[in-house]
1. For residue 149, indicate whether it is of a type in the set (S, T, N, Q) and either buried (at least 16 other Cβ atoms within 10 Å of the Cβ) or within 17 Å of residue 231 (Cβ to Cβ) (or both).
2. Which of (1) of a type outside the set (S, T, N, Q); (2) under 15 Å from residue 179 (Cβ atoms); (3) modelled with pLDDT of 95 or more; (4) surrounded by fewer than 21 Cβ atoms within 10 Å (Cβ to Cβ) does residue 209 not meet, given it meets every other one?
3. Using the structure shown, decide if residue 183 is modelled with pLDDT of 95 or more, out of contact with any Pro (no Cβ under 8 Å at 6 or more places or on another chain) and surrounded by 21 or more Cβ atoms within 10 Å (Cβ to Cβ).
Amino acid sequence: MKFYFAAQGSKGFGIHSPFVFNLVTQVIGKNKKLDCFRDIEKQRSKLLQNQQIIDVTDLGSGSTLFHSNQRKIKDIAAHSLKSSRQVRLLFRLVNHFQSKNIIEMGTSLGITTSYLAKANPLSKVITLEGCPEVSKIAINTFESLNINNIELINGEFNQTLPLVLDSLDTVDFVFFDGNHRADPTLAYFNLCLQKKHNDTLFVFDDINHNPEMESAWEQIKLHPETKVTIDLFWLGLVFFKKELTEQHYMVRF
């Protein structure tokens, strides 16, 4: 409730930065459905009906919903997949900035990854997933959708992320998901900073998920490399453009 009253609307009233005003009104506030979303959402529906049971390896903060590592795919889909509204926003961001080198931390069943890949067919999406069995389902998602610009790497983030970053000159877009603890989030943020450039965008999931993530978000906002942040309650956007005046926004989405 406090966020709702403090945040600005998606019409952009009161936002004086032309860059942020344009982003809020033309990208964040535009929730148009495109034809290319249909096939991905059909795949989401199949996952939501899939009764197959798999063994899940939790390498992040763990689940508070499940008491067993054996889970039905439909239950994972119901509780772990980003909403259509959220993934459409990620699509619009990648499409708007024409991001090419994209890293996603936390593949899950591959729905968000598919949106990221479809947003710019010329991009290379490297997605990291800790659980081997979940990775198999995600790969099936990509194959079913005939998406060829995704590379999935399985393993612990603290081992796979440095290797991925070493293979790239720069990163354009990083989606931080899959671990909702402060220390790992900040560690991954600092690692990715080494390969960011002036137009890089970092997106953090669930910044208000728990006190740890709230603390991590506040520290990210205060980092000397951070110029502008946009708090959408569930998602946090971080920009590094040197030409922008340092400012932090809260926007209702």
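1. Details: of a type in the set (S, T, N, Q): yes; either buried (at least 16 other Cβ atoms within 10 Å of the Cβ) or within 17 Å of residue 231 (Cβ to Cβ) (or both): yes.
For residue 149, the condition - of a type in the set (S, T, N, Q) and either buried (at least 16 other Cβ atoms within 10 Å of the Cβ) or within 17 Å of residue 231 (Cβ to Cβ) (or both) - is met.
2. Unmet for residue 209, out of (1) of a type outside the set (S, T, N, Q); (2) under 15 Å from residue 179 (Cβ atoms); (3) modelled with pLDDT of 95 or more; (4) surrounded by fewer than 21 Cβ atoms within 10 Å (Cβ to Cβ): (3).
3. No; evaluated as a whole, the condition is false for this residue.
The values are calculated or read from the model by the stated rules, or taken from the named source; none is laboratory data. Bear in mind the structure is a predicted one, so any value in this text is a computation, not a measurement. Reconstructed Cβ throughout: ideal geometry from the backbone, glycine too, with neighbour counts over all protein chains shown.
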